[in-house]
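Note sheet for the following structure.
The values are calculated or read from the model by the stated rules, or taken from the named source; none is laboratory data. On a predicted model such as this, the values are computed, not experimentally measured, just so you know. So basically every Cβ, Gly included, is an ideal-geometry build from the backbone, and we count neighbours across all protein chains shown. To get the accessible areas, we keep the full protein, side chains included, count just its heavy atoms, and leave off ligands, DNA and RNA. Shrake-Rupley method; radii C 1.70, N 1.55, O 1.52, S 1.80 Å.
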Amino acid sequence: MTLSESILYYSPELVQALKETLIMMGISISAAILIGLPVGILLFISRESGGRNTFLYQVLNLLITIVRSFPYLLFVVAMIPVTRFLLGSSFGPIPASIPLSIVAIVVYARLVEQVLLDVPEDVGLLARSLGVSTYQYVKEFLLVEARSGLILSLTTTIISMVSYSTVMGIVGGGGIGDFAIRYGYQRYEYGVMYFAIILMIIAVFILQLLGNKLAKKMDKRK
């Protein structure tokens with residue numbers, strides 16, 4: 001078969017793989033925003049208020065460091081009993097989203113901390129001089145000042161999750177990476193495999209372009 005015929009032949013499987021990838025990405029990125037962003041802010045606030053020796057900072061920093069230093073494939077395998085306990089199954093895109101979400105949370109939390117550390121000290125001094133609460137400081141000063149960097153960091157996290165999601169087929173999570181291996185590499189349909197790779201590259205380019213444009217639009221310095 002020609003490449004176009006092979007792609008047409010495997011199109012139902014390709015569509016299903018794309019759906020599975022979108023499910024995993026949607027859940028993991030939602031977790032990064034809803035949990036990773038607050039954790040990153042907590043890291044920064046606890047570090048700013050008491051230095052690196054505060055108990056909260058030490059705990060959060062240790063957990064993030066452990067997860068980030070864990071080889072991703074081994075982390076996914078190690079999480080199988082946890083996933084099976086929580087959901088009753090370790091197969092499918094939703095169970096696969098649990099380890100992917102945990103990694104997304106810690107990656108984005110660390111990036112958020114780094115972005116907030118780059119906020120000029122004058123912003124904190126101004127907030128303290130006005131006597132604002134911690135919540136007001138975060139909402140009205142930190143997030144406003146750092147919103148461009150936070151968007152770029154989220155873009156980086158999303159792109160990383162696209163890469164990580166390709167591994168999930170090994171543990172039954174499906175996705176575009178699983179499609180490339182199963183219907184491309186294992187069946188010697190290398191054209192199909194390269195087509196799937198090109199789709200992922202195009203997706204990464206589009207995500208990066210959109211992230212850069214949104215970050216530029218939200219940059220308060222412009």
Compute, for THR134, the solvent-accessible surface of its heavy atoms (probe 1.4 Å) with the complete set of protein chains present, and express it in square angstrom to the nearest 10. 80 Å²
Can you give me the angle between helix 55-69 and the longest principal axis of the chain, using Cα atoms only, in degrees from 0 to 90, rounded to the nearest 10? 20 degrees
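Counting only pairs 8 or more places apart or on different chains, how many lysine pairs in the chain have C-alpha atoms closer than 21 Å? Could you put the intermediate results ahead of the total?
Values: LYS139/LYS216; LYS139/LYS217; LYS139/LYS220; LYS139/LYS222; LYS213/LYS222.
Within the chain, the lysine pair count is 5.
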With percent of Cα pairs over 28 Å apart in mind, check (i) 27; (ii) 40; (iii) 32 and report the label derived from this structure. (ii)
Answer with one residue from SER11, THR65, ILE23: the one whose Cα lies farthest towards the positive end of the charge dipole of segment 1-83, charges on Cβ with Lys, Arg +1 and Asp, Glu -1. THR65
Please list, in order along segment 87-93, the HN-Hα scalar couplings obtained from phi with the Karplus expression 6.51 cos²θ - 1.76 cosθ + 1.60 (θ = phi - 60°), rounded to whole Hz, x for Gly and Pro. 10, x, 7, 10, 10, x, x
Whole-Hz ³J(HN,Hα) for each residue in segment 24-30, computed from phi via Karplus 6.51 cos²θ - 1.76 cosθ + 1.60 with θ = phi - 60°, x for glycine and proline: what do you get? 4, 5, x, 5, 5, 6, 4
